[in-house]
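Report on the following structure.
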Amino acid sequence: MKQGKRPNRRQKEEIQAYRLNPANWLVERDNTTEFVLIHRFTGTKKTIKKGA
């Protein structure tokens, strides 16, 4: 499993648009169309589309 990185400001705004707390999520992958997020404590993965 890849290690996640802390989200930057633009990524935090996208995460908040999905009603998620950016402090609890790490960005594993940032494609042009979607993010792959890893929860900081549980390790669960979530994929969200950009431009919500």
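No lab work stands behind these numbers, since they all come straight from the coordinates. Note that this is a predicted model, so its numbers are computed, not measured.
For every helix of n ≥ 4 consecutive DSSP H residues, a contribution of -39,500 (n - 2.57) applies; sum these over the chain, divide by its total residues, and give [θ] at 222 nm rounded to the nearest 500 deg cm²/dmol.
Numbers: 1 runs with 9 residues, N = 52.
It lands at -5000 deg cm²/dmol.
Taking Rh as the Kirkwood radius, which is the inverse of the mean 1/r over Cα pairs, what is the Rg/Rh value for the chain? Intermediate results must be reported in sequence, preceding the final value.
Details: Rg = 9.7 Å, Rh = 10.7 Å.
Using Cα coordinates only, the ratio equals 0.91.
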